[in-house]
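The values are calculated or read from the model by the stated rules, or taken from the named source; none is laboratory data. Given the structure is predicted, the values throughout are model-derived calculations rather than measurements. Heads up, the Cβs are rebuilt from the backbone with ideal geometry, glycines too, and the neighbour counts pull from every protein chain shown. These accessible areas exclude ligands, DNA and RNA; they are computed on the full protein's heavy atoms, side chains included. Shrake-Rupley method; radii C 1.70, N 1.55, O 1.52, S 1.80 Å.
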Amino acid sequence: MKKTLIVPPMLVDLVANALASMDGVMFTDLDACPSCGGPVTGHDLRAKRFAVMLQNGEERLIRVHVKRFYCQQCGTLCYADAPFYPDTRLASPIVDLCLVLAQQMPFNQVAQHLRAMGIVVDRGTIRNYASRDFGTIPATELFGFLLPLSLLNLATFTLDRERRPITGAEALVACGFPPAGRAALHDGGLSKERDQRYE
């Protein structure tokens, strides 16, 4: 018989509200080309998966929109600052949560805990993230769970916004995501996989 995981309803609501608030948020700022530092001009806007939530037994895709820019100097196509690690399909707070939980339990249990929190991430994706080096993930305990500060800050920020839509710049600050570490799009082999992440 499968054991049901108990996740405090308040934590489930906190996470759900934080992720739902990101649906449709626009990330449109880029100061200069990350490859050469040259001036950039707007190119187009791409939808990107931020998270996949479980609501009433159904999966709900949370998407954000990330502007692409063309460098006038080197011709590189690059993305606006957004809370994503290079070559990941989900936003940094979700990746951070996977990593923090993977330090405490096997990957299949991480997937079960995420699902109990209303977040859908498969075991293979969790294993992939855990095999990479994203640096130290700041975390703290809440309701008996060790959670990344990026997710908690986003949740706290969305509670404080007083029914006003969150902006891309505010989301970056809440996620604690610096623009450094952006990956340019002209890396050849990764471009196909990257295109699959943008829908």
Item checked: the range 149-199, subset of a type in the set (Gly, Ala, Ser) and modelled with pLDDT of 85 or more, residue surrounded by the most Cβ atoms within 10 Å (Cβ to Cβ) -> 174
Next item on the list: Select from the range 99-111 the residues that are surrounded by 15 or more Cβ atoms within 10 Å (Cβ to Cβ) and touching a residue at least 12 places away in the same chain (Cβ under 8 Å) and list them in ascending order.
Entry: 99, 100, 101, 102, 107, 110, 111
Margin query: Suppose we keep only residues that are part of a loop (DSSP other than H, G, I, E, B), in contact (Cβ under 8 Å) with a residue 40 or more places away in the chain and open to solvent by less than 40 Å² (accessible area, probe 1.4 Å) within the range 23-55. Which one would you say is nearest to residue 74 (Cα to Cα)?
Written below: 33
Item checked: Hey, residue 96 outside any strand (DSSP E or B), open to solvent by 20 Å² or more (accessible area, probe 1.4 Å) and charged (D, E, K, R) or not -> no
Checklist line | Meets criteria (over 24 Å from residue 173 (Cβ atoms), outside any helix (DSSP H, G or I) and either modelled with pLDDT under 95 or not aliphatic (A, V, I, L, M) (or both)) for residue 85 | finding: no
Notebook entry, point to check: Which one is modelled with the lowest pLDDT, of the residues in the range 1-22 that are open to solvent by less than 90 Å² (accessible area, probe 1.4 Å) and part of a loop (DSSP other than H, G, I, E, B)?
Noted result: 5
Next item on the list: Given the conditions (1) out of contact with any Leu (no Cβ under 6 Å at 6 or more places or on another chain); (2) farther than 15 Å from residue 175 by Cα; (3) not aliphatic (A, V, I, L, M), report the number of the one that residue 143 does not fulfil.
Entry: (1)
Notebook entry, point to check: Which pairs have Cβ atoms under 9 Å, sit 6 or more apart or on different chains, and link a residue in the range 119-130 that is farther than 15 Å from residue 100 by Cα to one that is open to solvent by less than 70 Å² (accessible area, probe 1.4 Å)?
Noted result: 120/51; 120/52; 120/53; 120/54; 120/111; 120/114; 122/111; 124/107
Checklist line | Out of 146, 90, 114, sole residue that is of a type in the set (A, V, I, L, M, F, W, C) and within 26 Å of residue 29 (Cβ to Cβ) | finding: 90
Item checked: Single residue of the range 112-148 satisfying the filter (over 21 Å from residue 22 (Cβ atoms) and among the aliphatic types (A, V, I, L, M)) that is surrounded by the fewest Cβ atoms within 10 Å (Cβ to Cβ) -> 146
